[in-house]
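Taking it in order: structure first as C-alpha cells, then the write-up.
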Amino acid sequence: MKPKMPEPHVFEYAVLRIVPKVEREEFINAGVILHCGPLRFLDVKWNLDEALLKSFSPDLDIEEVKANLCAFDVICRGGTEGGTIGLLDMPGRFRWLTATRSTILQPSSVHPGYTTDPQATLDRLFEQLVLR
C-alpha cells in the first residue's frame with residue numbers, strides 16, 4: 001500500500017514592506033505574514049537590514065519600524081498582549097494585519113497558494129522574497 005501524502009491546504013500570505021517616503025512609493029521587503037486557516041496557522045517572519053535601510057533612507061526611525069514589526073509578532077500570537085486586535089479570531093487578525101494602509105510599514109496584496117506545511121512555506125517565501 002502506498003503511503004498517504006498529506007493533503008494540501010489553502011494558505012494566504014502578504015509581503016511586509018518598509019516604505020520610508022510614502023509619496024515616493026519606493027519600498028524594501030522586510031517580512032512575510034502567512035495564514036492557513038485549516039491548519040490553524042498564523043505567523044510572521046521579518047528581518048531588518050539596517051545598513052540597507054540607512055542607505056535607502058538616512059532619516060528613517062529604525063526603532064519605530066522595529067516596534068511596529070514586533071507588534072505584528074504579538075498580534076499573530078493573539079491574546080490580550082495584542083490588545084483589541086489580538087483578541088480577534090485568527091482570520092480576523094490576518095485581515096487586520098494585511099489591510100491596506102498608508103504608513104511606513106505596508107503589506108502587499110494578499111496572495112493564495114496550497115501547502116501541506118505552512119511553517120516550511122513561510123520559511124521558503126521569506127527566503128525568496130525578503131532575503132534575496
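Please find, within segment 29-62, the residue that is farthest from Asp89 (Cα to Cα) out of those that are β-branched (Val, Ile, Thr) and modelled with pLDDT of 95 or more.
Val32
For Leu105, indicate whether it is surrounded by 12 or more Cβ atoms within 10 Å (Cβ to Cβ) and either modelled with pLDDT of 95 or more or under 14 Å from Phe11 (Cβ atoms) (or both).
no
Quick one: which of Val74, Val110, Val65, Val130 is under 15 Å from Leu16 (Cα atoms), touching a residue at least 12 places away in the same chain (Cβ under 8 Å), among the hydrophobic types (A, V, I, L, M, F, W, C) and surrounded by fewer than 18 Cβ atoms within 10 Å (Cβ to Cβ)?
Val110
What number of residues in segment 16-29 are in contact with a Leu (Cβ under 7 Å, 6 or more places away or on another chain) and either surrounded by fewer than 21 Cβ atoms within 10 Å (Cβ to Cβ) or over 20 Å from Leu122 (Cβ atoms) (or both)?
Looking only at that region, the number is 3.
Given (1) of a type outside the set (D, E, K, R); (2) farther than 14 Å from Thr98 by Cα; (3) touching a residue at least 12 places away in the same chain (Cβ under 8 Å), where does Pro58 come up short, assuming only one miss?
Checking Pro58 against (1) of a type outside the set (D, E, K, R); (2) farther than 14 Å from Thr98 by Cα; (3) touching a residue at least 12 places away in the same chain (Cβ under 8 Å), the one that fails is (3).
The conditions are (1) exposed (fewer than 15 other Cβ atoms within 10 Å of the Cβ); (2) in contact (Cβ under 8 Å) with a residue 40 or more places away in the chain; (3) of a type in the set (Ser, Thr, Tyr), and Tyr13 fails exactly one of them. Which is it?
Going through (1) exposed (fewer than 15 other Cβ atoms within 10 Å of the Cβ); (2) in contact (Cβ under 8 Å) with a residue 40 or more places away in the chain; (3) of a type in the set (Ser, Thr, Tyr) one by one, Tyr13 breaks only (1).
The values are calculated or read from the model by the stated rules, or taken from the named source; none is laboratory data. This one's a predicted model, so the numbers in the text were calculated from it and none came from an experiment. Positions of Cβ are generated from backbone atoms using ideal geometry, with glycine treated the same way; all protein chains shown enter the neighbour counts.
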